[in-house]
Each structure stands twice: as C-alpha cells, then as structure tokens.
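A quick write-up on the structure given underneath.
Read the figures in this text as sums done on the coordinates, not as results from a lab. These figures come from a predicted structure and were not determined experimentally. When we count neighbours, we look across all protein chains shown, and the Cβ atoms used for this are built from the backbone with ideal geometry, even at glycine.
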Amino acid sequence: MPIVVRAFKSGAFDFIEKPFNEQLLLDSVQQALQEHQKTNSQQRGDQHTDTLVASLTRRERDVFMPLAQGYTSREIAEQLGIGVKTIDLYRARVMKRLGVERVPDVTGIAVAIGLLDPMSLRKK
C-alpha cells in the first residue's frame, strides 16, 4: 500500500513531499492545529456525545473500544471470536450512530469522554 494512502488512513491531515517549502509546512501544521482544535471543542462541548456512546448496543460497545484503540477488524474479530464481516457490520453501525466517518474520530470521541487515555494508544 502506498505510503500516502497509509498516512491518510491513519488520520494524516496533509502529505508534503520532499523537497518542501518551509512556508507550506508551517501553513499545513497551522491548518491541522486549527482543525484539531475545532474538532476537540466540538467533541468536548457536545454532551450529546455521551448519550450517543451510551446508546450503543452491547455488541457495538464491544467493537467501539478496540476500534477506538486502533485495532483492525480482523484483530477485533479474533478478540471476540466472530467473523470479520460481522465486525465490519458493527464497525459501520458504530460509526454511523456516532456520526463519524473516520476511525481517528472514533478514537477522539473515546478520549473526549474519558474512556481512553491517549497515552495508551497502540503503536503501529
């Protein structure tokens, strides 16, 4: 898988090729910080998020935490002893119910409501 695809799947905001312009790098970092700040304030300021997570079914909650921790569908399936396709179904339900489109947003929600310590995230 190309490095650019892996970077964006892992939550990268931008991808700058070498040689890079220093101003382009600074602008990209500034935009990423602004976007992160906006997303965090929305998650923290939204008490509705707690309600959304509480509304997950038991099996959706079983998938939510490993997903937020960065585990793949295959790894979650092995942990729960069920099929990967079933995990993909629950993963899609969790993301739809939480109103997010990316896995890093699921992680952000878990961190924002105190279910996950950002320092304990998996190393890739």
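Full extension of the chain between ASP50 and VAL5 yields a length gain of 13.0 nm, computed as 0.36 nm times the residue separation minus the alpha carbon distance. Our estimate of slack between LYS96 and GLN31, defined as 0.36 nm per intervening residue step minus the Cα-Cα distance, is 20.8 nm. Counted by neighbouring Cβ atoms within 10 Å, the residues THR107, THR72 run from fewest to most as THR72, THR107. Cβ crowding within 10 Å ranks VAL100, VAL53 as VAL100, VAL53, fewest other Cβ atoms first. Taking label points 7 Å from Cα along the Cα-to-Cβ direction, PHE20 and ARG59 give a separation of 4.3 nm. Straight-line reach from LYS85: taking Cα to Cα under 19 Å and skipping same-chain neighbours fewer than 8 places apart, the aspartates and glutamates in range are GLU60, ASP62, GLU75, GLU101.
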